[in-house]
Amino acid sequence: MSAEQVDILDGIKGKLQSVKHMIREKEELARNLEQQNNELQLQLQQQQSQIEELEEKNQKLVLMKSIATDSPDSKDAQVQINRIVREIDRCIALLNKS
């Protein structure tokens, strides 16, 4: 082989090594991004769960506030609650007769 061919082969080997190194770096980056994505997905699920819990608490507080105040809406709510309680009592009485 001539010196020129050896130089060309050495150049190709160097470029192949460079490409292999770049591929390894990209694979490592992809693994890191995948791990980061998984962590963010878990964090998102936890936050969505927390949002649902807070929305439920907020609904309960709004209901409690509407019942506790002396507004016309609270009186309607109390009337509905009393009606539901009476209906439940009737159902329990019917079940006890059976």
With everything on Cα atoms, drop me the angle between helix 3-68 and the longest principal axis of the chain, reported from 0 to 90° to the nearest 10. 10
Please find the FRET efficiency linking ASN38 to LEU61, where r is the Cβ-Cβ separation and R0 is fixed at 35 Å, and quote it to the nearest 0.05. 0.50
Between [x] 2.82; [y] 0.98; [z] 1.58, the structure-derived Cα Rg over 2.2 N^0.38 Å is [x]
Relative to the longest principal axis of the C-alpha atoms of the chain, give the angle of the C-alpha long axis of helix 72-97, reported between 0 and 90° and rounded to the nearest 10°. 80
Report, in debye and to the nearest 20, how large the dipole of the stretch 3-69 comes out about its Cα centre when Lys and Arg carry +1 and Asp and Glu carry -1 on their Cβ. 200
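FYI, it's all coordinate maths here, none of it is from the lab. Fair warning: this is a prediction, and the values are worked out from it, not measured in the lab. Counting neighbours? That spans all protein chains shown, and the Cβs are built from the backbone with ideal geometry, glycine included.
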